[in-house]
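**Q** Have a look at this one.
The values are calculated or read from the model by the stated rules, or taken from the named source; none is laboratory data. No experiment lies behind these values; they were computed from the predicted model shown. All Cβ positions, glycine included, derive from the backbone under ideal geometry; neighbour counts span all protein chains shown. When the accessible area is computed, the model is the full protein with side chains, heavy atoms only, and any ligands, DNA or RNA have been set aside. Shrake-Rupley method; radii C 1.70, N 1.55, O 1.52, S 1.80 Å.
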Amino acid sequence: MHFLIRKQTGRSDREALDTEYQGDALTLGAADDAMVQLAGMRGQLRIESAGAGDARVVSKKTSFVLNGESFNGTKLKVGDVLSSEGYELTVIAAPAGFDFAMELVVSASARGMQAGAMALADTAWSSRKIGWALAVIILAAFLVLPLAGVFQDNLAALMRQTPLPDDGLWSSGPLAAAHQTSGIAADCQACHQQPFVMVEDAACLDCHRETTEHVDVSVFEAHAFTGERCASCHREHNEPAQLVRRDNDLCVDCHADPVAWQVDGRTPMQAVSAFTEQAHPTFRLALLTPKGPGAAHGWQTERARADNGEVLQEQSNLKFTHAVHLDPDKVQSELSGAALQCDSCHAPRDDGEHFEPVTMDNHCRSCHTLNFDVFEPDLELPHGDQRAAVVAMEAHFIREFTDPDLRRERASTKPRRVPGKRQSAATCAGNGLDCGRAEALKEAQYQFAETGCVTCHVVEYTGLSDINDRWFVQPVRVIDDWYPFSRFDHASHRSLAIEGSAEVCESCHQASLSEQSSDVLIPGQDNCLGCHSQEKGFSQVDCVSCHVFHHDEGTPSVLARDVSPGHANASAVQGGER
Amino acid sequence: MRTSLLAWENSKYLRWALMLGVASILLYVSQMGGAQPPNGGTWQGYVLGTVGALLIVWLSVLGVRKRRYASNLGTVQGWTSAHVYLGAMLLLVASLHCAAQFGWNVHTLAYALMCIVIVSGFYGLYAYMHLPSRVAENNGGRARPAWLAELAELDAAIHDLAEGSDAELQGIAISALDMTRLGGSTRQQLSARDYSLVQLPGGGRPVANPEQTVVIDHLSRRIPNAQKTSEAELLNELLALFGRRQLILHVLRRDIRLQGLLKVWLLLHIPVTIALLVALLIHIISVFIYW
């Protein structure tokens, strides 16, 4: 089709500018690809052939009206007027050679539209609108929806399972690894049970039922701990995660001046403000002491400090010298023939701090056999039961002297003499019972008073006539926990190893120099301060490196703290004067 | 402008901000080796957070103060100087408050929004310090309406001349006027790219006429071919007018761009400030809901 656009240009109606266009359709608008440019127009007008020389007009989002009415795809006839926003298009009779012609009048207002907006305020979104939109989105996603979940458990569960915003958006940081577990990790309300109320102890004690208080609240004043919640010290959501307080203030705020906490009748606590020679009291060893003669009333643990150069001594009733046993020339392993090492007798327990008990059967008997009759060297006395040992000797010798065959055999055999062993009598003139008893008494005398039991044990001679009561073997007890109020990790100190396990142990426990079993081989604080003093720069330790807060002696927290849900004072240790 | 904003009263607020910064660092350091790692929940963290929140609210009030011309509460310049220095220091205060603990949560959202506001503010400061001189340089001492008025006079003169010329010349000259584009969308304003078109003789679609070069080329090519002296004179006259028009349009486009650059950062600074205030409120509320 051939289109003619006659544009009125001048100030008079007679002057016009004709432009001809050729194509399937004529497009008019403000877009760059519009054939007839109508600056500032929205959308596009399209005039296309309707066959038989007719044309129809299609409006694509324009504000044009056809003869004052809306239209679309309407056929145009001469005299029709399309008008909008300062533009007026009138269909005129097509001159020769043209299929369609229109006259375009551009009003002055439209002419000025060549200039678009010249200020951002006219084109950009209003700052306030964007601001309010953002505000509403943030308010909905980060407050309204999660808050709805706080009051509607079902909604909270739904939101947590879907990408919808949930109260996890309020989390101020990841949980410690121990709490990254089902039932806690995703459910904020497992701990935060009431809005605007700090996490209560009941939430912690729900799982941590074994936890004890720092002290026995029936002995020490509980009000010192009133108001301290579990979460006062155990803070979650931190990076790096630090559930356990490691600062000295945890202890020092009270123990720097412990007089105020002193309880009558208990050993006064000493002040501590840091782990240095001056600021930390001398370590207090636990020493076992027998109560009553022969520990008749058991053993008691006494705590003692080696202050003022005092040398503490252990009272285990055992005769033993580490020096001899560690001397390769004097003692060798029965099995390998090699010198004894520390671990020949001392096996660490799983806690890394303590050791399995050293026992006669496991560690001594291979060398220190309890045989008592050279005719029967395989026969040994029972250990640990004095009466059973006496009975065993009596039974053995009575049998020997009452059995005629056995007497004949013993009379004819002259056993090899064993050094350090008594040569028991081969013959006896009296009857079997008397001979047996007499021989048993001689052997008992030998075992209890000369060699045998008395090698390792303290044996008292009572002077009583009864063989069962004539000697008393003092019971032996070695303390298991030398420092009951501190922790120590032997494993981490293996780094002291230079060569051989003996040297690692000896760097703290100087066993090969110890001649007496009463020597205390447990190092004092000087040994620790060398590396761990808080005055020195390397390998410093804090209070909780060695000491625990929740002592076993403390009152169980579930009892000390009211854990009934919703209780007004649920977070406090129950106060009260002692 | 440059000296008065940053050096206002001998950089009084720079000193304030530096004191605030030093105090914040000391407060932060005092958390080290404490009961818990540095974070927003220690008393030092609460202090830093409270200072930060009050700063945010106070800094936001600048927008209100600016509109209160009758206010006697300090000068707008003083407020702006304090706004700049304390706003920059807020970045440190808030970072120390959160102790660089970040996550996918409303707390980090508030921090991120705050960073956007502050960084856009830095751009704004740059714009306010450097662009006004460039605007003045570009405008050559005349304001935009004066340039627009001259452009309108030029266009009228071109119209008058074109009407007396042949149809081809008339078509190209008048279409060049009609299809000149100035300003437009936000992007077009900021890019200062010329989207003008011109309708060349022989129909077809209009072609691009950046900086009026196509019409000027056309006019200058026609001058040697002029049949008559009057035609050559007309062409010369039109050429001169379009040359001036080219310059004015260029000045206007640059002016629109520079004025836009002076304002565009506010499209981020202001809405994100509103979003930040909401996020800050939620940050504070949520911390205490799940205390």
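**Q** If I compute solvent accessible area with a 1.4 Å probe over the protein chains, what percent of it on segment A:47-171 is carbon and sulfur?
**A** Summing carbon and sulfur atoms, their accessible area is 60 percent of the total for segment A:47-171.
**Q** Please report the base-10 log of the normalised intensity I(q)/I(0) for segment A:105-261, using a Debye sum with one equal scatterer per alpha carbon and no solvent, at each q in 0.18, 0.20, 0.21 (1/Å).
**A** With one equal scatterer per Cα and no solvent, log10 I(q)/I(0) is -1.19, -1.33, -1.39.
**Q** Find the centroid of the Cα atoms in segment B:245-291 and in segment A:322-369, then give the distance between the two in whole Å.
**A** Rounded to whole Å, the Cα centres lie 80 Å apart.
**Q** Can you list, largest first and rounded to whole Å, the semi-axes you get for chain A by taking the square root of 5 times each eigenvalue of its Cα gyration tensor?
**A** Value: 107, 30, 24 Å, ordered largest first.
**Q** Can I ask one more? Using r as the Cβ-Cβ distance of A:Ala178 and A:Thr276, and R0 as 41 Å, what FRET efficiency do you calculate, to the nearest 0.05?
**A** Calculated value: 0.80.
**Q** Note down the accessible area of B:Lys66, probe 1.4 Å, to the nearest 10 Å².
**A** Answer for B:Lys66: close to 90 Å² accessible.
**Q** Residues of segment B:242-274 losing 30 Å² or more of accessible surface, assembly versus chain alone, probe 1.4 Å, please list them.
**A** B:Leu267, B:Pro271, B:Ile274
**Q** Still on this structure: In bins 5 Å wide, starting from 0, what share of all Cα pairs of segment B:122-233 does each bin hold, as a percent?
**A** Here the calculated profile for segment B:122-233 is 2, 10, 14, 19, 18, 12, 9, 7, 4, 3, 1, 0, 0.
**Q** Residue by residue, what Karplus-based ³J(HN,Hα) values in Hz, rounded to whole numbers, does segment A:397-410 have, using 6.51, -1.76 and 1.60 with θ = phi - 60° and x for Gly and Pro?
**A** 6, 4, 4, 4, 8, 9, 8, x, 4, 5, 5, 4, 4, 5
**Q** Ok, one more. So how do A:53-59, B:104-110 stack up, highest first, on mean other-Cβ count within 10 Å?
**A** Sorting A:53-59, B:104-110 by mean packing, highest first, produces B:104-110, A:53-59.
**Q** Computed FRET efficiency, Cβ-Cβ of A:Lys75 and A:Gln22, R0 30 Å: what is it to the nearest 0.05?
**A** Approximately 0.90, to the nearest 0.05.
**Q** Right, something else. Using a Cα-Cα cut-off of under 22 Å, which lysines could be cross-linked to B:Lys12, ignoring same-chain neighbours fewer than 8 residues away?
**A** Partners found: B:Lys66.
**Q** Separate question: Taking the simple approach of a point 7 Å from Cα along Cα-to-Cβ for both B:Lys228 and A:Ala304, what is their distance in nm?
**A** 13.6 nm
**Q** Amide H to amide H, which residues 5 or more places from B:Thr180 or on other chains are under 5 Å from it, using H placed in the peptide plane?
**A** Those qualifying (amide H under 5 Å, at least 5 residues apart or on another chain) are B:Leu197.
**Q** Over its Cα atoms, what ratio of radius of gyration to 2.2 N^0.38 Å does segment A:53-154 give?
**A** 1.99
**Q** Would any residue of segment A:60-88 have its amide N under 20 Å from a label point 7 Å out along Cα→Cβ of A:Glu48? List them or say none.
**A** Only A:60-66, A:71-77, A:82 pass the distance filter.
**Q** Still on this structure: Using a 10 Å cut-off on Cβ to Cβ distances, tally the other chain neighbours for every residue of A:238-247 and report the average as a whole number.
**A** 4
**Q** Let me ask something else. Can you list the lysines whose alpha carbon sits under 19 Å from that of A:Lys129, skipping same-chain ones fewer than 8 residues off?
**A** Within the straight-line cut-off, A:Lys129 pairs with B:Lys263.
**Q** If the reach is capped at under 20 angstrom between alpha carbons, list the aspartates and glutamates near A:Lys60, excluding any in the same chain fewer than eight residues apart.
**A** The qualifying aspartates and glutamates are A:Asp24, A:Asp32, A:Asp33, A:Glu48, A:Glu69, A:Asp80, A:Glu85, A:Glu88.
**Q** Multiply the residue gap between B:Glu168 and B:Glu153 by 0.36 nm, knock off their C-alpha separation, and tell me the result in nm, one decimal place.
**A** Stretched out fully, the B:Glu168 to B:Glu153 stretch lengthens by 3.1 nm.
**Q** A further question follows. Which value, in square angstrom to the nearest 100, describes the accessible area buried between chains A and B on both sides, using a 1.4 angstrom probe?
**A** Summed over both sides, the interface buries about 5200 Å².
**Q** Which of the listed residues, A:Ala117, B:Gly243, B:Ser11, is farthest toward the dipole's positive end in the protein assembly as shown, when Lys, Arg count +1 and Asp, Glu count -1 at the beta-carbon?
**A** The listed residue farthest towards the positive side: B:Gly243.
**Q** Evaluate peptide A:18-31: per residue, the Cβ atoms of other protein chains within 10 Å of its Cβ; return the mean as an integer.
**A** Going residue by residue through A:18-31 and averaging, the value is 2.
**Q** Bins of 10 Å, beginning at zero and ending with the bin holding the largest distance: percent of Cα pairs per bin for segment B:193-270, please.
**A** Final binned percentages: 17, 34, 26, 13, 7, 3, 0.
**Q** For segment A:1-96, which GluC sites (Glu not before Pro) are in a loop by DSSP, counting at most 10 other Cβ atoms within 10 Å?
**A** Sites meeting the loop and neighbour criteria: none at all.
**Q** Of the listed peptides B:151-157, B:52-58, B:193-199, what is their order by residue-averaged count of other C-beta atoms within 10 Å, with the highest listed first?
**A** Put in order of decreasing packing, that is B:193-199, B:52-58, B:151-157.
**Q** Calculated FRET efficiency, A:His550 and B:Ala88, Cβ-Cβ r, R0 41 Å, to nearest 0.05?
**A** About 0.30, to the nearest 0.05.
**Q** Under 5 Å between amide hydrogens, which residues at least 5 positions from A:Leu17 or on another chain qualify, with H placed 1.01 Å from N in the peptide plane?
**A** Under 5 Å from the amide H of A:Leu17: A:Lys7, A:Gln8, A:Thr9.
**Q** Output the direction-averaged projected area (hull surface divided by four) of the convex hull of the alpha-carbon atoms of segment B:228-291, in nm².
**A** 5.5 nm²
**Q** I'd like the mean, over residues of A:127-134, of how many other protein chain beta carbons sit within 10 Å of each residue's own Cβ.
**A** 6
**Q** Taking amide hydrogens as modeled 1.01 Å from N in the peptide plane, which residues meet the under 5 Å criterion relative to A:Thr74, leaving out close sequence neighbours?
**A** A:Val57
**Q** Nearest 500 deg cm²/dmol is fine: what mean residue ellipticity at 222 nm does chain A get from its DSSP H runs of n ≥ 4 alone, each adding -39,500 (n - 2.57), divided by its residue count?
**A** Estimated from H runs of four or more residues: -5500 deg cm²/dmol.
**Q** Taking the simple approach of a point 7 Å from Cα along Cα-to-Cβ for both A:Ser63 and A:Asp350, what is their distance in nm?
**A** 8.5 nm
**Q** At A:Ala96 and B:Phe122, where each label point lies 7 Å from the Cα along Cα→Cβ, what is the point-to-point distance in nanometres?
**A** Roughly 7.6 nm, to one decimal.
**Q** Please calculate how many Å² of accessible area the protein assembly as shown carries per residue, with a 1.4 Å probe and no DNA, RNA or ligand atoms counted.
**A** 53 Å²
**Q** Then there's this: A:Phe401: net charge of surrounding residues, Cβ under 13 Å, Lys/Arg +1, Asp/Glu -1, itself excluded?
**A** That works out to -3.
**Q** What are the ³J(HN,Hα) couplings of segment A:190-202, residue after residue, when phi is run through the Karplus curve with 6.51, -1.76, 1.60 and θ = phi - 60°? Round to Hz, x for glycine and proline.
**A** Listing the rounded values in order: 4, 10, 7, 7, 10, x, 6, 10, 4, 3, 8, 4, 4 Hz.
**Q** Output wanted: per-residue J couplings in Hz (rounded whole) for segment A:451-465, from phi through Karplus 6.51 cos²θ - 1.76 cosθ + 1.60, θ = phi - 60°, x for Gly and Pro.
**A** 8, x, 3, 5, 4, 10, 10, 7, 10, 9, 8, 8, x, 6, 7
**Q** Okay, next question. Going from the alpha-carbon gyration tensor of chain B, what semi-axes, largest first and in whole Å, does one get by taking the root of 5 times each eigenvalue?
**A** Working through the eigenvalues yields semi-axes of 59, 20, 14 Å.
**Q** Shifting gears a bit: Give me the net charge for the shell around A:Trp125: Cβ to Cβ below 14 angstrom, other residues only, Lys and Arg +1, Asp and Glu -1.
**A** Its environment carries a net charge of +3.
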